[in-house]
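Every number in this text was worked out from the coordinates using simple rules, so none of it is lab data. Bear in mind that the values here come from a model prediction, so they are computed numbers and not experimental data. Cβ atoms come from the backbone with ideal geometry, glycine included; neighbour counts cover every protein chain shown.
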Amino acid sequence: MNSIAEANADPVSAHGSPSDQPPVVSVDRVAVVYKSRDSIFRALSDVSLHVERGEFISLIGPSGCGKTTLLRLIADLAQPTSGELRVNGGTPYQARCDRSYGYVFQSPALYPWRSARSNVMLPLEIIGLSAAERRTRADAALAAVGLAEASGRYPWQLSGGMQQRVSIARALSLQPDLLLMDEPFGALDEITRDKLNLHLTDLWRERNLTVIFVTHSIPEAVFLSTRVVAMSANPGRISRVIECPFPQRRTLDLRNTRQFLDISQDVRDALSDAYADE
Amino acid sequence: MSDVASRGGFGVTTFRHARWTALPGWLRQAASVGAILCMMLAVWSIAATLVNPAPDDPEPGWLPANWWNDRPVLPSPPQVLIATWNGLFGYPVSSPRSLIYHAVVTLDAALTGFALAIAVGIALATAIVHSKLLDRGLLPWVIVSQSIPVLATAPMIVVVLGHAGFSGLLPKAVISASLAFFPVTIGMCKGLRAAGSAQMELLRTYNASRAQVFWKLRWPASIPYLFPSLKVALALSITGAIVGELPTGATAGLGARLLIASYNGLMLLMWATLIVASLLAGLSVGVLTLIERALPRFRASQ
């Protein structure tokens, strides 16, 4: 399949970091098959992908293409049927035990009985930090997403966008280098989404994060990413990988440039091929 | 999903009218309850008039003469009201003729049973949600246990515990708990599983231990389910304590009072005792509701 060749041929990091380090995430010929009594569902088939430190990878494709499944495999929330995954050179299980990634779910998944600050402190309680340190780090994480003022409020007192920012702060509070995000802004309106995209791209640049981001939105994917991975369904696979060679510092004006529109069109073409397969 | 706690009172307004909806909520609730009470009183009054024979020397008055029969088949509403009033306030509280005295004895056993039921119920639910084996193996027995009438199990519990040297309060409390643990177990099984899958997986990404999952997520998420089951359990524990007084040969307690009334055909005492029993249940559940309201509440956001 040409898709694998393409995915393997471009392990280039936009940050230009030295490539003697192992890739943050490497996925080799991975398949996920769900068998029931009378049917076989191939959620992922022969997927290979290598993500270098500092990259921002978007997974985009029709529903059922396995983009969330791929993210869950990397997070050790699901297991592959065959193939090999490596996170920071070890197994995904080791990476989960080391708490070396932060996961942001589609729903904010906040605990309604906890204030924003207390939600962000949750992972810090789990790893057993002292109360003082928990508070300092939670406040810093909330400040990083621009929610220092709202730290005492409860989830139901926050808008959808603010809730999702709290959940990003929660993922950042463990100070991971790798952020896995499953359609975090899918339920938000366009303007809020723009703001959060800007915020996210700043965080990515300032903290030198590696991000794997699942989305349905082409402009969002192209705006944020160093590479966009277009996937198709049935079986779920990578159909094309598209580079987005923009500078690291990105503003919303970027979306009006010729290059941005061309790349968006590329992604759109790749996806319409994927949808045509259905 | 878990806004059980935030909704109180009647969920459905059966009729709408501008003036009616303008009334404050408590007044509307009181009026609704009052209307039902009036209907029940009407049915009761008609039945009392039809059923009771007239006394030999009828007292003059505007109420039907057979409402004042000394040994009524179905005591009339004012008769029961007077008997209840006298039972509650006609004697000093320490007197064995005072229904307050008996209610306190029953409440003592019921609250001990209630505490037992909470402990056993939560322990069983915790075990059930953590083990597939227990979920399949234990839950059916919990359900079967409730299909056996307490009246049958109560004497057995009394005999077994009596043999082990326990008498008085404990057997009654155990009988009461054997009824009341059930709603706690069922409610907490649901409550401890109420957390959303993302909330659950989040803890998995932190590699949290089972104990952490329980205390950080399962337990707090179950609180909205805890209180409704506690209310049912409290009412059942009072029923259980009363039933427990029947085969224990108790001389005190509302159950003992009922037994005496039943042996001697004292319909008025029986009715008065039953009314005190339901007042007791209503009051205790009311106190529990107040405690629930005093606790900090949260709204589910997803």
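A few points about this structure:
- Here the extension length gained between B:Ala294 and B:Ser94 equals 68.7 nm, from 0.36 nm per residue of separation less the Cα-Cα distance.
- Here A:Lys195 is the anchor, and the aspartates and glutamates within straight C-alpha reach of less than 16 Å, apart from those fewer than 8 places off in the same chain, are A:Glu183, A:Glu220, A:Asp253.
- By the helix-only formula, in which each DSSP H run with n ≥ 4 contributes -39500 (n - 2.57) and the sum is divided by residues, chain B has a 222 nm mean residue ellipticity of -22500 deg cm²/dmol.
- If R0 is 56 Å, the Cβ-Cβ spacing of B:Met156 and A:Lys35 corresponds to a FRET efficiency of close to 0.65.
- Inter-chain Cβ neighbour average for residues A:99-105, partner chain, 10 Å: 3
- Of A:Lys67/B:Lys216; B:Lys132/B:Lys216; B:Lys172/B:Lys231; A:Lys35/B:Lys132, those spanning more than 27 Å from alpha-carbon to alpha-carbon: A:Lys67/B:Lys216
- A run of chain A free of exposed loop cleavage sites, with trypsin sites (Lys or Arg not before Pro) counted only in DSSP states other than H, G, I, E and B and at most 11 other beta carbons within 10 Å, reaches its longest extent at A:38-248.
- 15 Å beta-carbon shell around B:Asn66, net charge (K/R +1, D/E -1): -3
- Modelled label reach - A:Gln21, point 7 Å along Cα→Cβ, segment A:185-220 residues with backbone N closer than 16 Å: A:204-212
- If you plug the beta carbon distance of B:Ser167 and B:Arg193 into 1/(1 + (r/R0)^6) with R0 = 35 Å, you get a FRET efficiency near 0.30.
- With respect to chain B, whose longest principal axis is taken over its alpha-carbon atoms, helix B:99-130 is tilted by about 20°.
- Chain A: relative contact order as a whole-number percent, Cα under 8 Å and 6+ apart: 25
- Pairs of alpha carbons in the protein assembly as shown separated by more than 42 Å make up 45% of all such pairs.
- Residue-by-residue Karplus 3J(HN,Hα) for segment B:181-191, coefficients 6.51, -1.76, 1.60, Hz, glycine and proline x: 5, 4, x, 5, 4, 5, x, 6, 4, 6, x
- Principal-axis analysis of the Cα atoms of chain B puts helix B:77-89 at an angle of about 70° to the longest axis.
- Under the combined filter of DSSP loop state and at most 15 neighbouring Cβ atoms within 10 Å, segment B:48-121 retains these chymotrypsin sites (Phe, Trp or Tyr not before Pro): B:Trp62.
- For A:Thr210, the residues whose amide H sits under 5 Å from its own are A:Gly54, A:Leu178, A:Leu179, ignoring neighbours fewer than 5 places away on the same chain, with H placed 1.01 Å from N.
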